[in-house]
1. In percent, what relative contact order does the stretch A:1-68 have, based on Cα pairs under 8 Å that are 6 or more apart in sequence?
2. Quick one: which residues, 5+ away or cross-chain, put their amide H under 5 Å from the amide H of B:ARG61? H built at 1.01 Å from N.
3. Which FRET efficiency value, to the nearest 0.05, do you get for A:VAL166 and A:ALA106 by plugging their Cβ-Cβ distance into 1/(1 + (r/R0)^6) with R0 = 25 Å?
4. Relative contact order for chain A using alpha-carbon pairs under 8 Å, separation at least 6, rounded to a whole percent?
5. What is the average number of partner chain Cβ atoms found within 10 Å of a Cβ in A:160-168?
6. By count of other Cβ within 10 Å, fewest leading, how are A:SER144, B:SER17, A:SER151 ordered?
7. Taking 28 Å as the cut-off for C-alpha to C-alpha distance, list the pairs among A:LYS2/B:LYS57; A:LYS34/B:LYS135; A:LYS2/A:LYS108; B:LYS57/B:LYS135; B:LYS108/B:LYS135; A:LYS2/A:LYS34 that go past it.
8. Give the calculated FRET efficiency between A:THR32 and B:ALA47 to the nearest 0.05, with a Förster radius of 22 Å applied to their Cβ-Cβ distance.
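Throughout, read-outs are computed from the coordinates displayed, never taken from laboratory work. Fair warning: this is a prediction, and the values are worked out from it, not measured in the lab. Positions of Cβ are backbone-derived with ideal geometry, glycine not excepted, and every protein chain shown enters the neighbour counts.
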Amino acid sequence: MKQLILNGITPYHWAWGGAGVALVTLSLLYLTNKRLGVSTGFESVCSLVVKAPYFRRAALLSSNGWRLPMLVGLVLGGALSAVLGGGWAPTWNAGMLDTVFALGPAAKVALMFGGGLLVGFGTRLAGGCTSGHGIFGLSNFEPSGLVSTLSFMAAGVVTTNIVYRVLGAL
Amino acid sequence: MQAVYLLFGVVFGWTLSRSGAGDYDLIQKMFLFQDFQLYGIIGTAVAITAPGLYLMKRRGRTAGGAPVALGEKPRHRGNVVGGILFGIGWSITGMCPGPILVNIGEGKLYALAALAGTLVGAALFGTSYPRLAPKLGLPPLAQGAGGGCLRRRWAWGGRVDWRGTAAPVDAGAGASAGVAGARHRRRLTAAPADSGAAQRCGGALRPRQRRLARGAWDFAIAPCVPR
């Protein structure tokens, strides 16, 4: 039986998970005329503090009003899932990462910060992430969505296989 | 209205959390081809969203009666380069952008470090955009690498009315905003001041597309850099 790191919860069947994601994507467009995307929201956060011309674009600033609340909602959704699913508690538990590499908190912070740099820079350079390019882009038959999705899936497969099948086997 | 988007975030966050889309182990097992969960989630989501989008384009209007603003993200070399960088980051952190926030909510302390890295990465990208744009063929700065490109490829029942969500074509603003690369500036200044004029995106339209583009449809498209 599959178990999440979060309180050992049994995850939904993937079909229900996918249906939920589709419901959010379609209702966001149908009800509010917004195209689902999370990573542009990181630019919205940047626009609050960074004054470079890129973060002063009208197209970005005009979307802050819905992107920022949605980012906050994502955090709350995760918290709610923990609170109603066995209780919320701060944790360093990272599953396989701990069992294979046994990193301390400092090393984990450094690793996650470095990986985060790539996520932030990469998603913005690609013009979207798993939601905007992957879910929405593929559903909308966009060439850029297909190219980006293939690129990040391939890079993920290569990286994880190096990390767990090569480095982890040492 | 902001509460509505907050609610969307909560529902989306809950779904990602409970389906395992933000679970470090399930992400690694997806990339190791050991578990079908994430492929199933993404596949099902696309399988349901695609026909949903089709129907919505056919209808052409949202629930509130507004024209469906449905553009395509622009195609450029950043899709591959950025995609690869993101894929490496996704594998290292075990989190893509949505789940970074969800994991913070769940209480995963290391996700805070991932978020800090992500914001710094996005800030670095934004500040280096003028230098990166000419090298990677990115759209003008006013548009960004992922936004504002509308292009019609198919007629969905002929009732479609897509309008530009992109910033209006403004040669002066684009140039003064520091768009790098003579190519971009040329394109911007070459664009007619009237943004309602048909601006094609991604180069010339194929004959069938041109045929579809003629007629009653209203093009309001910000210029994209051709492939």
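1. Answer for the stretch A:1-68 is 20 percent.
2. It is B:VAL68, by chain and number.
3. The computed FRET efficiency comes out at 0.55.
4. 23
5. The shielding value for this peptide is 4.
6. If I rank by nearby Cβ atoms, fewest first, I get A:SER151, A:SER144, B:SER17.
7. Flagged as over cut-off: A:LYS2/B:LYS57; A:LYS34/B:LYS135; B:LYS57/B:LYS135; B:LYS108/B:LYS135; A:LYS2/A:LYS34.
8. 0.45
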